[in-house]
1. Which angle between 0 and 90 degrees, to the nearest 10, do you get for helix 256-277 versus the longest principal axis of the chain when only C-alpha atoms count?
2. Within region 223-254, which trypsin sites (Lys or Arg not before Pro) sit in a loop by DSSP and count at most 14 neighbouring Cβ atoms inside 10 Å?
3. Explain nothing, just compute: Karplus ³J(HN,Hα) = 6.51 cos²θ - 1.76 cosθ + 1.60, θ = phi - 60°, for every residue of region 76-87 in order, whole Hz, x for Gly and Pro.
4. Pull up the cross-link candidates among the lysines for LYS10, meaning alpha carbon to alpha carbon under 19 Å and not fewer than 8 places away within one chain.
5. Note the angle between two axes, namely the Cα long axis of helix 61-70 and the longest principal axis of the Cα atoms of the chain, as a number of degrees from 0 to 90, rounded to the nearest 10.
6. For the chain, what relative contact order do you get, as a whole percent, if you take Cα pairs closer than 8 Å and at least 6 residues apart?
7. Normalise the Cα radius of gyration of the chain by 2.2 N^0.38 Å (N = residues in it) and let me know the number.
8. Which shape class applies to region 163-278: rounded if a/c is under 1.5, otherwise prolate when a/b exceeds b/c and oblate if not, where a ≥ b ≥ c are the square roots of the Cα gyration tensor eigenvalues?
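FYI, it's all coordinate maths here, none of it is from the lab. Quick caveat: nothing in here was measured; it's all calculated off a predicted structure. Cβ placement follows ideal geometry from the backbone for every residue including glycine, while neighbour counts extend to all protein chains displayed.
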Amino acid sequence: AAALELGKIKPTTVINTSPGYMRIGNNTIRDAANYGDMPITKILQKSSNIGATKIALSMTAEEMWKSLDKFGFGLSSGSRFPGEADGRIGDYWRWSPVQQASRAYGYGLQVTALQLARAYSVIANDGLLKPISFLKLDQAPEGDRVLSTAVASQVRKMLESVVSDEGTGKQAKVDGYRIAGKTGTVHKSGRGGYSEDRYVAVFAGIAPASKPRLAMVIVVHDPKLGDYHGGQVAAPVFAKVMNGALRLMNVAPDDRQAIKQRQAANEAFMLRVAGGAK
């Protein structure tokens, strides 16, 4: 989002991620596969670390830091919730190139789930960062502009592709609603650095993407049941919780026909079960 806002890239920009790995100093950054030339949407869709690295390095460290700061990372959200952590993004003048790059795909910084949800609310709110409150307000505050309306809309559209059949977040789909979001998988940090076999799985998303009402973040620490990727562990939880929340709030679906078909299938299933129980 920051690189789009600063004009470093365009939605049509294509980035070469071959041969599937990239050296920065003594460090190697890898993708799950050699994706070759990738448009920005595809970089998000496939969670390309190399694509994210090249986008991050198109900015100066100061530009990237200022963007993170504007989104509220490394700062208290002002919620006044007891024990809330501020998170940490570090001083940009201390960042090495690999440290700057790693911040683009989830390493080298400390972020709370609330901060991440608030950042996604900026994309949902057409670029406005609004104060956090646990109280229902009669009138929503105006907020501060972080992104242009055009860039926020572009990013929402790109994030929808992540929840497509080709994206890493396809299990975050909610019947009848357009969902925009992003998966995340990082090694769990601890004393002495990052663990080799312990992970944090994340899915952050917005619904409905057509006219956002909710931003939600699911974080699963140290998943134990086999898979540990955000798309496999956190995304299905997002789908279930968001599905319930949208219905509880009576949010109109984007595709009413899909809802009707699902309801008909459920009713037919229940009839078959009832018939078999006799």
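1. So the inclination is approximately 50 degrees.
2. LYS224
3. 5, 6, x, 6, 6, 6, x, x, 5, 7, 7, x
4. Qualifying lysines at Cα under 19 Å: LYS42, LYS46, LYS54, LYS157.
5. 40 degrees
6. Relative CO of the chain lands at 14 percent.
7. Here the Cα radius of gyration is 1.06 times the empirical estimate.
8. oblate
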